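Here's the structure, in structure tokens; my notes come after.
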Amino acid sequence: MGILVPGTTSWPEAIPIILLGLSVLFVPGLVAALVLRLSLLASVAVAPLLSTACVAGAGIVYERLGVRWGVPAFVGAVLLLWSGAWALNRAQASLSGSSRLRTRVGADDRHRSRMVAWARELRSPTFRAVGIGTLLAFAVVCLSVLPEVGTPEAIPQHPDTIFHLGAAEWMLESGSISSLTVGRFAAPGTNSFYPAAFHGFTATIAMLTGTSVAVATSTFVLVLVGVVWPVGCIWLALSLLDNRPAVAIGAGIMSAAFTGFPYLLMGYGVLWPNLFGQTMLPAALVLFLCAIRSRGSSTLIHPSRLVSSCLLVVSLVALVLAHPSALIAFGVMAALILLAGAVAFAARHLRDDPMRGVGRLVVAVVLVLVGTAAMTMLRPASMVGAARYGPDDTAAFAWTSMLLFAPGKELPLWALAIATGAGALAILIRRPGARWVVAALSLFLALYWLNVAVDTTWVRYLTWPWYNDAFRLQAVAILPAVIAATAGVVAMADVLGNSRVFRRQGLDRAAPDRPSLATRWSSRMGAATLVSLSFLLVTGGDYLHQHRHVLHTYFHPSVEESWVSDQELQALHDLASHLPADAVVAANPWNGATYLYVISGRRLLVPTEKAKMSQDQQLLSKHLNQVGTDPAVCAAAERYHVEWAITGGEAYSYAGDRVDQYTGIDLVGSSPAWRRVARAEPYTLYQRVACATAAPLIDGSAR
């Protein structure tokens, strides 16, 4: 279970796994939201947040209680979530006073009224448009990803891929999906927090389907970027703009249009946990807007303040366990929402109640300043020092890549940049409740520019939550950009729908002697459809070429930029047949052989190149070839049960001289203490056949 067998799974064969991933991520939260009597759209949008808090939170609790993660544990966590939703629903009814008057007939009436409301929502044009917008986004994602990736077994060639796949494999082996223990994969015996909600879901999918963690990961990522992200963006757009079909369809199209997110994060890093957190960010922001009663100009039905506040708390837990940077982005945008609301309130009450208006504005400004000061003063030194110091490029390049949403050397998105700019202007003029979107977009793009063109210490005081990384900074700017771009295409559609030319074409008034589009659609809807189709046509299907260009870098790299090729994976699979199930294998982590764990479940002396090694591990990595002559090396090998080694493979270009610390592993073939067992190009498997007399312990560690 969880083991990757190369060449056994295609995308059509992965459809049941995709559906299972959808079910695991949506069903627990969806049922809980429906129990809370949320609208259908709200239920679907918040479902991933509730499911994530349920699964990842339960994983921590179960590990503390010594309960192994499995089907019974998963079912128990889901039932607990549903019970909590039922209790909250009862509490809400009690607070409203309805519990004192409750009768069986009254309960039936409330149930019937809710069913009627759901049925009415299901038949509404806006809800149908939500489905259309989501399907369009999913289609764009599939057309962008599947041809370029080729197979769900494909692995993005970047440094952290082995950690994320290996962590999920370790969860299956250990029976723990806790964010407090997942670090033991790379450093046995440690207890430190790492956001492991993503790995918990991929491990659960692999557990329920019997597929490999690589396939479970690919399918789960497809669910996140093709369903969770567009649904959240659509709900946020409808909440801030108008409860109109045009907004839903436009937001769906725009959610899949930017390359900086989600496509870049599908390969770069690879930043799967970061991607997971950001896909749930739009729904969390809507809950915050509902909790403070600030929802733009939309007439969309939202959860009550009590339910929204409770769900918001659960959602923040989900964001933390998915990735803390998503929580920080939420905090920044929430602060801008409060500040924008305070400014609007002060402007409205400047004459009739100036003290109240100015007071609220002062409080909001102080809170924002305190939050900013706290973020800069409480900065971890390791985060401030992350990434190479200094600008990545010129100021001119930074301006171009920022305005055209083309991070790094990616292709520019001209039409999208125009739509975003037009939408930002439309929001400033026509949408007072959504002006914070423009502020958020401007702020994150400014941080991106500073990172690329300046990147001094004072800049890092502001960019450290995103590892001082330009790709991460632009990725978090995509959410407000999606809302702005949606406002742009909707504004263009409104202008077109109100134009005389459009009406003369028969799209506004039906001719008396024959039916026209006006008998079915309003002029605004017809215009919105025309604008959306034009955007898709001008951009080549929502920038399919640009998206594939991004993915190609990570799924089809050059030899020196590749961590492990298909041939190398097959070679590791062949060599694994010569290894016992409990084997511990020494391999240079820069040469791709550490993927042996994902291929076969065999443990590695050094699981990843980022593993914090003990003195024994360092000694073995540097001098394993001397195990037959050096008693200290022999003793360390015995303590770690290292009897096997794999050599060969091409070092990743980023390695540099860091491969030197593994020379002892690379040279075992020249030692008489090691016997060659098998060869599968480009790797060779060796078995230890001799060991020098044991020496005293180097450190107190034991495997």
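Each reported figure results from applying straightforward, stated rules to the coordinates on display, with no laboratory input. What you see is a predicted model, and the numbers here were worked out from it, not measured in a lab. FYI the Cβ positions are ideal-geometry reconstructions off the backbone, even for glycines, and counts take in every protein chain you see.
Under 5 Å between amide hydrogens, which residues at least 5 positions from Glu643 or on another chain qualify, with H placed 1.01 Å from N in the peptide plane?
Correct list: Val584.
How far is helix 414-430 tilted, in degrees, relative to the longest principal axis of the Cα atoms in the chain, given as a value from 0 to 90 rounded to the nearest 10?
Taking the Cα atoms of the chain, the angle to 414-430 is about 50 degrees.
So how do 227-236, 677-686 stack up, highest first, on mean other-Cβ count within 10 Å? Display every interim value, and only then the final one.
Values: 227-236: 28.1, 677-686: 18.3.
Ranking the peptides 227-236, 677-686 by packing returns 227-236, 677-686.
With charges only on Cβ, +1 for K and R and -1 for D and E, what is the dipole size of the chain about its Cα centre, in debye, rounded to 20? Don't skip to the end; give the middle numbers.
Numbers: 50 positive and 39 negative charges, 742 e Å.
For the chain, the charge dipole is close to 3560 debye.
In the chain, which cysteines lack any other cysteine Cβ under 4.7 Å from their own?
Cys54, Cys142, Cys233, Cys290, Cys310
Whole angstrom only: what separates the Cα centroid of the stretch 373-405 from the Cα centroid of the stretch 550-604?
Their Cα centres are 33 Å away from one another.
What ³J(HN,Hα) values, in whole Hz, does the Karplus curve 6.51 cos²θ - 1.76 cosθ + 1.60 give for the stretch 203-210 when θ = phi - 60°, with x put for Gly and Pro?
5, 5, 5, 5, 5, 6, 9, x
Placing +1 on the Cβ of each Lys and Arg and -1 on the Cβ of each Asp and Glu in the chain, which of Leu620, Ala53, Ala93 has its Cα farthest towards the positive end of the resulting dipole?
Ala93
Mind listing the phi-derived Karplus ³J(HN,Hα) values for the stretch 215-221, rounded to whole Hz, using 6.51, -1.76 and 1.60 with θ = phi - 60°, and x for any glycine or proline?
Values, residue by residue: 5, 4, 5, 4, 5, 5, 4 Hz.
I need the calculated FRET efficiency for the pair Val362 and Ser304, taking r as the beta carbon distance and R₀ as 22 Å, to the nearest 0.05.
0.15
Based on the Cβ-Cβ distance of Ser124 and Ser10, what FRET efficiency does E = 1/(1 + (r/R0)^6) give at R0 = 25 Å, to the nearest 0.05? List each step's numbers first, then the result.
Values: r = 38 Å, r/R0 = 1.52.
The pair Ser124/Ser10 has a calculated efficiency of 0.05.
Listed highest first by mean packing, meaning other Cβ atoms within 10 Å per residue, what order do 440-451, 483-494 come in?
So the peptides 440-451, 483-494, ranked by packing, come out 483-494, 440-451.
Among Ala119, Pro188, Leu172, whose Cα sits farthest toward the positive end of the charge dipole of the chain (+1 at Cβ of Lys/Arg, -1 at Cβ of Asp/Glu, about the Cα centre)?
Checking the options against the dipole of the chain, the answer is Ala119.
Whose amide H sits under 5 Å from the amide H of Trp674, counting only residues 5 or more places off or on another chain, with H placed in the peptide plane?
Close amide H contacts, sequence-distant or interchain: Val689.
Be a star and scan the stretch 1-41 for residues whose amide nitrogen sits under 14 Å from the point 7 Å along the Cα-to-Cβ vector of Val677.
Once the point is set 7 Å along Cα→Cβ of Val677, nothing inside the stretch 1-41 turns out to lie under 14 Å by backbone N.
Given only helices, namely DSSP H runs of n ≥ 4 each adding -39500 (n - 2.57), what is the per-residue ellipticity at 222 nm of the chain, to the nearest 500 deg cm²/dmol? If you can, show how the numbers build up before the last one.
Numbers: 28 runs with 418 residues, N = 703.
Helix contribution divided over all residues of the chain: -19500 deg cm²/dmol.
Which whole-number percent is the relative contact order of the stretch 323-393 (Cα, under 8 Å, 6+ apart)? Please list the in-between numbers first.
Working: 27 pairs, mean separation 16.6, N = 71.
Relative contact order comes out at 23 percent.
Take every Cα pair under 8 Å in the chain that's 6+ residues apart, average their separations, divide by the length, and report that relative contact order as a whole percent. Show your work: numbers first, answer last.
Values: 1247 pairs, mean separation 96.9, N = 703.
Value for the chain: 14 percent.
What whole number of Å gives the distance from the Cα centroid of the stretch 114-136 to the Cα centroid of the stretch 146-214?
Using only Cα atoms to place each centre, the spacing works out to 36 Å.
Want the number for Met383 to Trp399: 0.36 nm per residue separation, take away the alpha-carbon distance, what's left? Write down the numbers at each step before the final one.
Numbers: separation 16, 0.36 × 16 = 5.76 nm, distance 2.54 nm.
That pair, Met383 and Trp399, stretches by 3.2 nm at full extension.
Under 5 Å between amide H atoms, partner at least 5 residues away or on a different chain: which partners does Leu604 have, H built in plane at 1.01 Å?
Val585
May I ask which residue of Asn451, Gly277, Ser218 lies farthest towards the positive end of the charge dipole of the chain, with charges of +1 (Lys, Arg) and -1 (Asp, Glu) on Cβ and the Cα centre as origin?
Farthest along the dipole direction, towards plus: Gly277.
Each residue of the stretch 313-329 in turn: what ³J(HN,Hα) in whole Hz from Karplus with 6.51, -1.76, 1.60 and θ = phi - 60°, glycine and Pro shown as x?
4, 4, 5, 5, 4, 4, 5, 4, 6, 7, 5, x, 5, 5, 5, 5, 4
If we sort 267-276, 154-163 on the protection proxy, mean other Cβ atoms within 10 Å, highest first, what's the order?
267-276, 154-163
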